[in-house]
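Computed from the coordinates by the stated procedures, all read-outs in this text should not be read as laboratory data. For clarity, every value in this text was computed on a predicted model and none was experimentally measured. Virtual Cβ from ideal backbone geometry, glycine too; neighbours counted across all protein chains shown.
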Amino acid sequence: NAGVTQTPKFQVLKTGQSMTLQCAQDMNHEYMSWYRQDPGMGLRLIHYSVGAGITDQGEVPNGYNVSRSTTEDFPLRLLSAAPSQTSVYFCASSPTLTGLGSGNTIYFGEGSWLTVV
Amino acid sequence: KQEVTQIPAALSVPEGENLVLNCSFTDSAIYNLQWFRQDPGKGLTSLLLIQSSQREQTSGRLNASLDKSSGRSTLYIAASQPGDSATYLCAVGSQGGSEKLVFGKGTKLTVNP
């Protein structure tokens, strides 16, 4: 059971380049999300998905695109990288939403460090 | 908009000391509250989850409490050890159509041998 796997671990991009951060989970979780973590800002939600074929925006969605074609995978695409997107990106999954009565916790990947120069 | 604040931002204690980390949130309409641990260069590990109907949860030397009416939670760590050194993050899951976790900025804990 690998949990939540993110690739790549480290990446350097030039301004204007595009790339995809991969996220895969093997726990058959419905709910997946992407966060970015910046010094002094904490973790902020970028996009999330409540199931295959369903995605929605979080707090800071601009410049990012997601899709959810399978339960297992939730890639995050940077369309045209900017220095402001230099950050650590975390993918997370959980069995259900953080809804009323949910006792299910959320599992995080180990992070992807992205630098845009 | 839900806002989560953690105080202090950093804490240094000698080994063996009992300590309390604080978390406050502005909107009391929450589903649950979670405490996470983050080690340098690593992802987040969930420590305790308190549902909105609960007052506290315990796991080993950790005890987390929740007071929705006052918008506060505390994480109590008993008999701290150097291995407890990490950043501790609080996050709330809110109602009102939001399926998102809102995180505090964390408390960086250092336990000195």
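Bin width 5 Å, alpha-carbon pairs only: give the P(r) of chain B as whole percents, running from 0 to the bin holding the largest distance.
For chain B, the pair-distance distribution reads 2, 13, 24, 25, 19, 10, 5, 2, 0, 0.
In the Gaussian network model of chain B, springs joining C-alpha atoms below 10 Å, which of B:LYS100, B:LYS42, B:LYS68 carries the largest mean-square fluctuation?
Of the options given, B:LYS42 has the highest mean-square fluctuation.
Measuring from label point to label point, each 7 Å out along Cα→Cβ, what is the A:LEU79 to B:GLN51 span in nm?
4.0
Roughly how crowded by other chains is peptide A:31-39, in terms of the mean Cβ count from those chains within 10 Å of each of its Cβ atoms? Walk me through the intermediate numbers first.
Values: counts 1, 0, 3, 0, 4, 0, 7, 0, 1.
Counting Cβ atoms of other protein chains within 10 Å of each residue's Cβ and averaging gives 2.
Provide the net charge surrounding B:SER69, with neighbours chosen by a C-beta distance below 13 Å and charges set as Lys +1, Arg +1, Asp -1, Glu -1. Don't skip to the end; give the middle numbers.
Values: positive: B:ARG55, B:LYS68, B:ARG72; negative: B:ASP27, B:ASP67.
Around B:SER69, the surrounding residues sum to +1.
Mind pulling the per residue volume of the convex hull built on the Cα atoms of chain A? Å³ is fine. Each step should come with its number before you reach the end.
Working: hull volume 11.4 nm³, N = 117.
Convex hull of Cα atoms, per residue: 98 Å³.
Which residue, A:PRO39, A:PRO95, A:PRO61, has the most motion in a Gaussian network model of chain A that connects Cα atoms within less than 10 Å?
Most flexible of the set in this elastic network: A:PRO39.
In debye, nearest 20, what is the charge dipole magnitude of chain B about its Cα centre with +1 on Lys and Arg Cβ and -1 on Asp and Glu Cβ, if you could check?
So the dipole magnitude of chain B works out to roughly 180 debye.
Farthest toward the dipole's positive end in chain A, which of A:GLY53, A:ALA2, A:VAL116, given Cβ charges of +1 (Lys, Arg) and -1 (Asp, Glu) about the Cα centre?
A:VAL116
Note down the magnitude of the dipole of chain A about its Cα centre, charges +1 on Lys and Arg C-beta and -1 on Asp and Glu C-beta and zero elsewhere, to the nearest 20 debye. Each step should come with its number before you reach the end.
Working: 6 positive and 8 negative charges, 70 e Å.
Rounded to the nearest 20 debye, it is 340 debye.
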